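*Asks:* I'd like to ask you about the structure that follows.
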Amino acid sequence: MRRKKTKLMIEVEQRLGAPLEQSLPPLLNKKGLTNTAIELGVSKATLCYWLLKLDMESRYSLPEKATER
């Protein structure tokens, strides 16, 4: 399912020269969440939102269901 991208997402894609779905995984693996966000000029929260919106797996994502005690 294709999700609608925000204006900022499209702007960053144009700067990178590739779709975020292709650009983000190598950047995140190489630089981590914080440095990737800094390089893209967005907040960590925005970058996490993009990962959720694009339905991309990330080791930084929160679990779907909180653990019950």
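The values are calculated or read from the model by the stated rules, or taken from the named source; none is laboratory data. Note that the structure is predicted; figures quoted are calculated from it, not measured. All Cβ positions, even for glycine, are placed from backbone atoms using ideal geometry, and neighbour counts span all protein chains on display.
*Asks:* I need a count of the residues in segment 40-54 that are touching a helix residue (DSSP H, G or I) at 6+ places or on another chain (Cβ under 7 Å) and exposed (fewer than 13 other Cβ atoms within 10 Å of the Cβ).
*Replies:* The number of residues fulfilling the criteria is 1.
*Asks:* Looking at L8, L33, L20, L28 in this structure, which one is more than 12 Å from L54 (Cα to Cα) and either touching a Leu at 6+ places or on another chain (Cβ under 8 Å) or loosely packed, with under 12 Cβ neighbours inside 10 Å (or both)?
*Replies:* L33
*Asks:* A follow-up question, please. At pLDDT 90 or above and acidic (D, E): is that true of E64 in this structure?
*Replies:* No.
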